[in-house]
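Participant: Right, I'll just put the structure down here and ask away after.
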Amino acid sequence: MRRHNTAVRAGYLIALEFLVWLMPAFAFLFIYINFFGAPTSAITPHLEIISTIAFFFISLRWYIMANAILAPIKFATIIIYSAALTLISVYYVLILVGLDSWGRVATWPLIRTYIKQWSLLSEVLGVSPLIFLTIISLSILALSLLLRRFLGYLNWHVALNNAGVTSEIAPLALGAASLVMTITIYMGITIPRNDAEPIAKTFNPLGGFNSSQSHLIDTLEFNRGTVDQLDNYRKRKDPQLKRNVVIIVGDALRYDHLGILGYERETTPHLDRRQRTNPFEYKSKIHSTCAESFCGLMSIARSKYVKDFRTHDVTLQQVLSASGFEIMLVLGGDHTNFYGLATQLGPSDYFWDGSLSAGYLNDDFKVIKVIESLDTWAGKPTFLQIHLMSTHALGKRHPELNSYMPSKNYYSKAFRQENKANRRSYFNFYDNGVIGFDHAINEILGLLESKGYLNDTFLVITGDHGEALGEHGHYGHQASPFEPLIQIPLLMKRFGYKGPKLLKRVSASQIDIAPTILQEVGLEEPRSWQGLSLSHLYERDFSYFQQGNNIGLFDFRDNDNIWKFWLDVNSSEEYIFNISKNVDETQNQSHNISKNLKLTWMTKVASSALASGQSNSGTEGSK
């Protein structure tokens, strides 16, 4: 009877220690599901992986305690425990930071890249590297002291011995736990049971990509259609075509903080000067299809709304490549390790991104150096896409370009305090980024002009998405589809030739950029595209957007009352704003709108909601 009671006590203490290992996972999953809209189906596969890790370390402690005589060796167990728990907690923090910053679970290659540049990253965030190291060190030390006391109480290994379970079993338990952990992690990563399980998303980000599309048969059929469409462009290739295309995308670029578009601050002096001497044919605001880089760039390349993405969509780069263009991608930031974003853009003859940089990957001065190194234009039609990071909160701000002070990075959430003075410093930080963006564009255009790339060229300057600067309590992007996050600028200019007038449309969207480019170089757009060239005077009745669980539309049928509707498919909460009269989106009209009108909108977004299920685009597939 006594031995039975001792065994029960041992089981109770092991369960208690097991619970300690699961506590970070429980806290993470609560935030992951309730604040980032991840599906509850991610809970079980994630806890399975964490449980096997917990059993491994519990078995390891049993093995060490059963064989160690010296106290320092036993204390080393506590250090190992503390380091492992701290590492898991840091991983969870990185996942949440990734979701909060760019709407996606951070991949291991991306984490590895930023770990290598942690001192440069901390400088951009405005936090001393010493503070980072101190926080990590103190966390391990504090956890070690706490665990030393707690694990001293959890002396289940003694209880097991008293219950007749000898320490000779410890090596067998450790071996079994190691095997089970290895198999579970391997299977969980290589054959993920759920697209939103975070560890699988980190180490195998594309593992569930196809499953997030509509149906496998649609994917295969569309793939054949893709081949046929591109073959048609190859057959109609025009050897006389010499026009170039240059598209410059600013990451997290708000239209209303550009001086050239009416902002009260002089944030774009170089673009302003160019506008005075040789005006842009088009300069206005348009809407992005989402509030993240991945889907924003995909909508530009594919001329499609997020809800209609398919695995084998025809991209702008593919069409131009098939038509004889040389494709060059010069991308600030890490597009290689971010869910294969660089690959999704299409083929390229020349590729560079920030992951290849010897310095900080989000420094636009590095992009300028790459453009400077390019050969003189050889006469072949060229498509050059450039991505700039100056306006992203992780983008490098150079002191000589910081015109507005004090300046503070709002991404350092742990150190962020919301008050009037700080908000001004956050505005200054963002506007200094816009000045850096303007400087980079001026340098790049000067270099391209000197190398002959702008002799006969169509230039596009735009953003992938916007940025929140405190509106509705948000900073950064990805959090919601409010206007500051999906309103972006669009500037277009012709060098060396004239063309039809480019028309400002209230309903203009990112999906209209690619068709406009193709018209400028004399090519028809693919039949699968949804956008329309901005040389056509056509106002669509509806346009669509999607951000995470928020799926919605704009209703442009009444010019005096443009409605914006979206549905949170997780909570079923509705958001309805008349953005013609309530630009700040502070008056939700969900209870004041007619049932018939609401039914029209609900019907149009219903297919999107069904396709999305209860998934989050941040956990399914959009930056």
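Participant: For the range 396-488, what is the relative contact order in percent, using Cα pairs closer than 8 Å and at least 6 residues apart in sequence?
Facilitator: On the way: 77 pairs, mean separation 23.5, N = 93.
Worked out over the range 396-488, it gives 25 percent.
Participant: If you count only protein heavy atoms with a 1.4 Å probe, what accessible area per residue comes out for the range 242-533, rounded to a whole Å²?
Facilitator: On the way: 9270 Å² over 292 residues.
With the other protein chains kept in place, the range 242-533 gives 32 Å² per residue.
Participant: Putting +1 on Lys and Arg Cβ atoms and -1 on Asp and Glu Cβ atoms, find which of Leu121, Ile513, Thr336 reaches farthest to the positive end of the dipole of the chain.
Facilitator: Sorting the options by dipole projection puts first Leu121.
Participant: Sticking with this structure for a sec: Return the calculated 222 nm mean residue ellipticity for the chain, to the nearest 500 deg cm²/dmol, obtained by summing -39500 (n - 2.57) across DSSP H runs with n ≥ 4 and dividing by the residue count. Present the calculation step by step, with values, prior to reporting the outcome.
Facilitator: Working: 20 runs with 291 residues, N = 623.
Value at 222 nm, helices only, nearest 500: -15000 deg cm²/dmol.
Participant: Scan [x] 3, 13, 19, 18, 16, 14, 10, 5, 2, 0, 0, 0; [y] 3, 16, 27, 27, 19, 7, 1, 0; [z] 3, 15, 24, 24, 16, 9, 5, 3, 1, 0 for the value of P(r) over Cα pairs in 10 Å bins from 0, in percent calculated from this model and give just the label.
Facilitator: Only one option fits the structure, namely [z].
Participant: Right, next: At 1.4 Å probe size, with the rest of the protein present, what percent of the exposed accessible area of the range 549-608 is carbon and sulfur atoms?
Facilitator: Values: 1400 of 3110 Å².
For the range 549-608, the apolar C and S fraction of the accessible surface comes to 45 percent.
Participant: Something else now. I need the peptides 397-409, 375-387 ranked by packing, meaning the mean over residues of other C-beta atoms within 10 angstrom, with the highest value on top.
Facilitator: Numbers: 397-409: 15.6, 375-387: 17.8.
Going by the mean number of other Cβ atoms within 10 Å, highest first, we get 375-387, 397-409.
Participant: With a 1.4 Å probe and every protein chain left in place, work out the accessible area per residue of the range 545-589 in Å², rounded to a whole number. Mind showing how you got there, number by number?
Facilitator: Values: 1870 Å² over 45 residues.
Value for the range 545-589: 42 Å² per residue.
Participant: Evaluate the distance, in nm, between pseudo-label points positioned 7 Å from the Cα of Glu539 and of Val20 along their respective Cα→Cβ axes.
Facilitator: 6.6
Participant: With a 10 Å radius around each residue's Cβ, average the other Cβ atoms per peptide and rank 284-295, 527-538, highest first. Present the calculation step by step, with values, prior to reporting the outcome.
Facilitator: Values: 284-295: 27.0, 527-538: 17.3.
In descending order of packing, they fall as 284-295, 527-538.
Participant: Please state the charge dipole magnitude for the chain, taken about the Cα centre, from unit charges on C-beta atoms (+1 on K and R, -1 on D and E), reported in debye and rounded to the nearest 20. Show your work: numbers first, answer last.
Facilitator: On the way: 57 positive and 55 negative charges, 164 e Å.
Using Cβ point charges on Lys, Arg, Asp and Glu, the chain gives about 780 debye.
Participant: Hey, which of these cross-link pairs are over 19 Å Cα-Cα: Lys396/Lys420; Lys242/Lys493; Lys235/Lys493; Lys285/Lys501; Lys116/Lys396; Lys366/Lys396?
Facilitator: Working: Lys396/Lys420 25 Å; Lys242/Lys493 17 Å; Lys235/Lys493 29 Å; Lys285/Lys501 17 Å; Lys116/Lys396 16 Å; Lys366/Lys396 10 Å.
Violating the 19 Å limit, Cα to Cα: Lys396/Lys420; Lys235/Lys493.
Participant: Can I ask one more? Hey, got the dipole for the range 242-533? About the Cα centre, +1 on K and R Cβ, -1 on D and E Cβ, debye to the nearest 20? Please report the intermediate quantities before stating the final value.
Facilitator: Details: 32 positive and 32 negative charges, 107 e Å.
Taking the Cα centre of the range 242-533 as origin, the dipole is about 520 debye.
Participant: How far, in nm, would the chain grow between Ile191 and Leu141 when pulled straight, counting 0.36 nm per residue and subtracting the alpha carbon separation?
Facilitator: Extra length available between Ile191 and Leu141 comes to 14.3 nm.
Participant: I would also like to ask the following. Would you work out the charge dipole size for the range 549-608 about its Cα centre, treating the Cβ of every Lys and Arg as +1 and the Cβ of every Asp and Glu as -1, and quote it to the nearest 20 debye? Intermediate values should be presented prior to the final figure.
Facilitator: Details: 6 positive and 8 negative charges, 47 e Å.
Taking the Cα centre of the range 549-608 as origin, the dipole is about 220 debye.
Participant: I've got another one for you. For Cα pairs less than 8 Å apart in space and 6+ apart in sequence, what is the mean separation divided by the residue count of the chain, i.e. the relative contact order in percent? Before the final figure, lay out the partial values.
Facilitator: On the way: 1102 pairs, mean separation 112.8, N = 623.
So the answer I get is 18 percent.
Participant: Name all residues of the range 379-406 having a backbone nitrogen under 16 Å from the label point set 7 Å from the Cα of Asp238 along its Cα→Cβ direction, giving them as ranges.
Facilitator: Residues 380-383 fall inside that zone.
Participant: Accessible area of the range 368-514 with a 1.4 Å probe: how many percent of it is carbon plus sulfur? Please report the intermediate quantities before stating the final value.
Facilitator: Working: 2610 of 4970 Å².
Ligands and nucleic acids excluded, carbon and sulfur reach 53 percent.
Participant: Please find the FRET efficiency linking Ser572 to Arg424, where r is the Cβ-Cβ separation and R0 is fixed at 30 Å, and quote it to the nearest 0.05. Working shown, then result.
Facilitator: Numbers: r = 38 Å, r/R0 = 1.26.
With R0 = 30 Å, the Cβ-Cβ based efficiency is 0.20.
Participant: Related question: Quick check on packing: order 269-278, 574-583, 246-255 by the mean number of other C-beta atoms within 10 Å, highest mean leading. Walk me through the numbers on the way to the answer.
Facilitator: Working: 269-278: 14.4, 574-583: 16.2, 246-255: 25.6.
Highest-to-lowest ranking by the protection proxy: 246-255, 574-583, 269-278.
Participant: On C-alpha positions alone, give me the angle between the axis of helix 43-67 and the longest principal axis of the chain, in degrees, nearest 10.
Facilitator: Once rounded, the angle reads 40 degrees.
Participant: If the chain between Ser178 and Gln229 were fully stretched, how many nm would it gain, using 0.36 nm times the residue separation less the Cα-Cα distance? Don't skip to the answer; put the middle values down first.
Facilitator: Working: separation 51, 0.36 × 51 = 18.36 nm, distance 5.14 nm.
Between Ser178 and Gln229, full extension yields an extra 13.2 nm.
The values are calculated or read from the model by the stated rules, or taken from the named source; none is laboratory data. Note that this is a predicted model, so its numbers are computed, not measured. Quick reminder, even Gly has a Cβ in these numbers, built from the backbone with ideal geometry, and neighbours come from all protein chains shown. Keep in mind that these areas ignore ligands, DNA and RNA; they rest on the heavy atoms of the full protein, side chains included. Shrake-Rupley method; radii C 1.70, N 1.55, O 1.52, S 1.80 Å.
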